[in-house]
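K.L.:
Dropping a structure here in structure tokens format, bear with me for questions.
Derivation of every value follows stated rules applied to the coordinates shown; laboratory data play no part. Quick caveat, the model's predicted, so the values are computed rather than measured. Quick reminder, even Gly has a Cβ in these numbers, built from the backbone with ideal geometry, and neighbours come from all protein chains shown.
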Amino acid sequence: MDLAAKKVAVAEIREENRILLTNLNDVADPNLREFIRSEQKRIVQKRSDELAKQSQSTSTPLSSEDWGEKPWPVAFLQYLKVPLNVVELERDLKSMVDFLEQV
């Protein structure tokens, strides 16, 4: 991957992270709130699919002992910074999708 493509990928990840961390309760416009909610679901699903693809291609998944039973926003923030067990991460991403569907 060349430098320009890497810069675009990093910019996309930053924008996705910004969207994921948006508090929907702070968005007054109902149309914008629904758009952000649908984008959050799309991003979580995309990352879940990427993890599933990664777990199929890796023979030894990464693990983290401190993942524990943290609420999903804390766990997700940790995911953004720390490599975790792929199976646990897939489970938590699915619970995030379920949560976003209920909101």
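K.L.:
With respect to the cross-link table entries Lys7/Lys94; Lys6/Lys94; Lys46/Lys94, which display a Cα-Cα separation exceeding 20 Å?
P.N.:
Distance filter (> 20 Å) returns Lys7/Lys94; Lys6/Lys94.
K.L.:
With θ set to phi - 60°, apply the Karplus curve 6.51 cos²θ - 1.76 cosθ + 1.60 along region 19-34 and write out the HN-Hα couplings as whole Hz, x wherever there is a Gly or Pro.
P.N.:
5, 4, 8, 6, 7, 5, 5, 8, 9, 6, 6, x, 5, 5, 4, 5
K.L.:
Right, next: Please list 31-43, 12-24 highest first by mean number of surrounding beta-carbon atoms within 10 Å per residue. Don't skip to the end; give the middle numbers.
P.N.:
On the way: 31-43: 14.7, 12-24: 13.0.
By packing density, highest mean first, the sequence is 31-43, 12-24.
K.L.:
Here's another thing I want to ask about it. Using the basic label-point model (7 angstrom from Cα toward the beta carbon), what is the Lys46 to Ala5 distance in nanometres?
P.N.:
1.7 nm
K.L.:
Could you please report the charge total around Val97, scoring K, R as +1 and D, E as -1 over all other residues with beta-carbon less than 12 angstrom from its beta-carbon? Each step should come with its number before you reach the end.
P.N.:
Values: positive: Arg37, Lys41, Arg42, Lys46, Arg47, Arg91, Lys94; negative: Asp49, Glu90, Asp92, Asp98, Glu101.
After counting each charged neighbour, the total is +2.
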